[in-house]
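Enquirer: Below are the structure tokens for one structure; questions will follow.
The values are calculated or read from the model by the stated rules, or taken from the named source; none is laboratory data. Being a predicted model, the structure only gives us computed values, none of them experimental. Because the Cβ atoms are built from the backbone with ideal geometry, glycine has one as well, and the counts that use them run over all protein chains shown.
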Amino acid sequence: MKDGAIRRKALNMALRSDELHYNLQHLNDMLTTHEAARKLDLSYWHFMHLVEKGRIPGIRVVDRWLFSPVDLDEYKRSKYGELEDMAKTALEHPGVGLTEKQETICRYLINSERPSQIARKLQQSRQAVHSQITLIREKVTRITRPLNSNDAPNDHSAPETPRRTRKKPPSA
């Protein structure tokens, strides 16, 4: 009986060894906290805030965090994918009427550049880039949104309430 127990224990250790080898290979692809923050172009502290809030998934190993590049790409897509889609639509529809600066911003957005990166490249403030993105969004919305019945100028669904004005006291 003793010999059988030793063999089972050795087999379990071998299986755990294979499992450990697989997990270590998987860990080789993982990024450290600083590498992951750099990949997302975030400060270390802002990145860790997002991790602690559970917005960016990671694996804690002893006293270190490790992050999968796939998870980081998914986060980036969830955060900025809407901007990429909007930029593609804006460039594909000539009726949108983009300015040269807006076209440049759209090209950067399609290449997964964040607004802060675009601002640095264009040597503009982030606020200026965000303002242009807002204008692009408005132009795209006008082109792509079908005219709803609520948008029709002759909507008779609800009468407008009259405004009340204050009466002036009679002059003496």
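Enquirer: Just wondering, is there one or more residues in segment 61-80 that are surrounded by 13 or more Cβ atoms within 10 Å (Cβ to Cβ) and under 23 Å from Thr144 (Cα atoms)?
Expert: yes
Enquirer: Could you look through segment 104-132, keep only residues that are charged (D, E, K, R) and exposed (fewer than 15 other Cβ atoms within 10 Å of the Cβ), and pick out the one that is nearest to Arg145 (Cα to Cα)?
Expert: Arg107
Enquirer: One residue is enough: does segment 72-91 have a residue meeting the conditions among the β-branched types (Val, Ile, Thr) and either closer than 19 Å to Lys39 by Cβ or assigned by TED's automatic domain parsing to the domain that holds Ala36 (or both)?
Expert: No, that holds for no residue.
Enquirer: Still on this structure: Out of the residues in segment 83-103 that are within 18 Å of the chain's Cα centre (by Cα) and surrounded by 15 or more Cβ atoms within 10 Å (Cβ to Cβ), state the one that is nearest to Arg137 (Cα to Cα).
Expert: Met86
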